[in-house]
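A.B. asks: Take a look at the following structure, please.
We did not get these values from a lab; they are worked out from the coordinates using the rules stated. What you are looking at is a predicted structure, and each value in this text was computed from that prediction instead of being measured. Glycine also receives a Cβ, built like all others from the backbone with ideal geometry; neighbour counts cover every protein chain displayed.
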Amino acid sequence: MTTRGVDGADVVYVASAADTAADVADGLAAAGAAVTVVASADAAIRAVRERDPDCVVTEFRLGEGNGLDLLRRLRRERDLPVVVFSDADDPALAAAVLDAAGAFVPTHDGGVDRLCRRLANCLGDEARVGISETMKERAMDEAPVGITVADATQPDEPLVYVNEAFERLTGYSTEQVLGRNCRFLQGPDTDPEAVRELRAGIDGAEPVSVELRNYRRNGEPFWNRVDVAPIRDGSGTVTHYIGFQTDVTRRRRAATAARRWAEECRAERRTVEHVLDRVEGLVEDVTRVLVEASSRRAVERRVCERVAATPGYAAAWVGRVDRTRDEVTTRARAGDVDRSLGDRSVDLSSAAPAARAVRTGTAESGEGSAASPDSDPADCSTIAVPLAYRETTYGVLTVYGADSNAFDAHDATLLASVGRATGNAINAIESKRMVAADEVVAVEVTVSDPNAPLTELAAAAGSRFEFEGVNRRSDGTVVLFLGADGAVSSDVDDDSSVRAITAVSTDPEWSLTEVSLSADTVVGRLGDLGVRLTDLDATDERVAYRFEAPGEPVARSAVDAFEDRYDGVELTRFRRRERSDRSGRGFVRDVRDRLTDRQLTALQKAYFGGFFERPHRVTGDDLADSMGISRSTFHQHLLAAQRKVLGAFLEDRPDLDPIPH
């Protein structure tokens, strides 16, 4: 077939929107067409009568009526090609246009270029009313959606045509489907209600659209949007049904996922609302208990009672960590259930949630089992949370659920918060008690690890270090003043926890060395725990640390810090004793608070270095050099420190008699 394209063709273009009309008219004009733009169906009819154009292009959506109605009116006027140029993505519309002997061109995906090609075909030597039968068949064959034609005049409406897209969609070839009703695509999960709706549309000779779960030849299911429209002959009798099949599996899956997500959100919201109701009451009551309780035992008892009274919880008990026996023993219990909680004891090495919570420092859950005395009661769920403050674990709270599915992640988070708050409250009570008590825990730990920083330092110096004093600066750095019977090198390894080594005095028989340790060393951790280092001595084989702790839990945490960091740790002393300097501890703390880091360092270096002895064991120049400052600046810091110490002693101590004048 030869075509002259659209060059010189007289085209009437019907469009209700001026801006759209201009774009399409320009595209047609660029292809060589002479375009007359009209704005309504009536204007198009008048233009056809007056101009006798070569063809008409109309949009589907018009101000009054639509392009399909205009196509049918034009068919009654005269025979000329009519193209419906529309953005309506509706297979049924395309079928209706074809049935009315028109051409349908979508506006998307290069619509104007496609429109020009379609007009060229319509205006060719074989052009006739609408488009040729050859072009209709070609359009159906190459359509991107599956197209079927069923013969309505034969029993069971067999298929008489399928296009290539249908073959790709279903996996069936043309030879396998012609002569069969299209229901062979249905399967076990096809919705009967959707099938009845489709059947009703066909029986009523009406266009119908449904979405069906169909099956490909290989058995793979897919969601198929089926649009069916009747085709009538000149007398109005339905002769065929044209069907369009579109794979909408992705959209259906996305919709299903969206519904599932929405339901999960609703379920989560209901869960959160339930948890919030529980949290609001439990946290408020526990906070009040912690504020009002005056003793540790009262805290433990009342927290147990409040937690056990929470809906969904059956019982609770609080155990204290006994490091000497490596077990958790019952301190308080609550709950109206038949469980033996009174004499409960859990081995810290066992797999029970309470033991695991102490070891890991986190909430641990489990199911009850009667197989072991260290396990929890059967037929219930359990959560155990540590009662801890910083590095010190005071005990563990174990909660039993009312059934085997009583707890979820929200409960674990809630109870962990209760455990932290309870640990903070116990720490505050214990701290107050220790300040007022006459007793401390004296501990000695020997570390025989060659990689320990002080052991390495003693080995490098070939000397033994003795403790003279300690200072902790505001940045967390720990400064040790160590005496030695020989000179000490100031070289420091880059990967060492020793930050600096400074010689304060270098007497041939005795030297004072200032060793700065990073805050993350074990000595730094002792300060975090409130432990007071009282003595140490270090050789190239071992370091012995002696310190005082305000209570057994803190003392045990300090020992754990050594064991976690070093090998060869031996606990050589762990005993309670009378506090020897109770009356002066508050005074010392107050004086230290008054001094700046520089003033305290100057005072310590002068004192430990023997500056106040006669004759001086170290000079002011030596001390100034060790601090990296001038002699006059050193003396300013030293005098300021002495003034503050004397001022605190002479003016502020309440237990001294007034000085007589």
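A.B. asks: Sum up the charges of everything whose Cβ sits under 15 Å from the Cβ of Thr446, counting Lys and Arg as +1 and Asp and Glu as -1, but leave Thr446 out.
C.D. replies: Values: positive: Arg464, Arg542, Arg546, Arg565, Arg573; negative: Glu444, Asp449, Asp535, Asp537, Asp540, Glu541, Glu563, Asp567, Glu570.
Net charge in that neighbourhood comes out at -4.
A.B. asks: Work out how much length Arg420 to Arg199 would gain on full extension: take 0.36 nm times their residue separation and subtract the Cα-Cα distance, in nm to one decimal. Mind dumping the intermediate values first?
C.D. replies: Details: separation 221, 0.36 × 221 = 79.56 nm, distance 6.68 nm.
Full extension of this stretch gives 72.9 nm more.
A.B. asks: Now for a different question. Below 8 Å between Cα atoms, with a sequence gap of 6+, how large is the relative contact order for the range 1-114 in percent?
C.D. replies: Details: 178 pairs, mean separation 26.3, N = 114.
Averaging sequence separation for qualifying contacts and normalising by length gives 23 percent for the range 1-114.
A.B. asks: Also: For the range 146-247, what relative contact order do you get, as a whole percent, if you take Cα pairs closer than 8 Å and at least 6 residues apart? Please list the in-between numbers first.
C.D. replies: On the way: 203 pairs, mean separation 28.7, N = 102.
Value for the range 146-247: 28 percent.
A.B. asks: Counting residues in the range 437-580 as N, plug N into 2.2 N^0.38 Å and put the Cα Rg over that result.
C.D. replies: Details: Rg = 14.9 Å, N = 144, 2.2 N^0.38 = 14.5 Å.
The value comes to 1.02.
A.B. asks: So, by mean Cβ neighbours within 10 angstrom, what's the order for 443-456, 546-559, 151-164 with the highest one leading? Numbers along the way, then the final one.
C.D. replies: On the way: 443-456: 19.4, 546-559: 22.2, 151-164: 15.4.
Ranking, from highest mean packing down: 546-559, 443-456, 151-164.
A.B. asks: Next up: Report the label-to-label distance for Glu541 and Glu206 in nanometres (one decimal), using points 7 Å from each Cα along the Cα→Cβ vector.
C.D. replies: Calculated label separation equals 10.4 nm.
A.B. asks: Could you order peptides 248-260, 26-38, 417-429 by the average number of other Cβ atoms within 10 Å of their residues, highest first?
C.D. replies: Per-residue mean Cβ counts within 10 Å order the peptides as 417-429, 26-38, 248-260.
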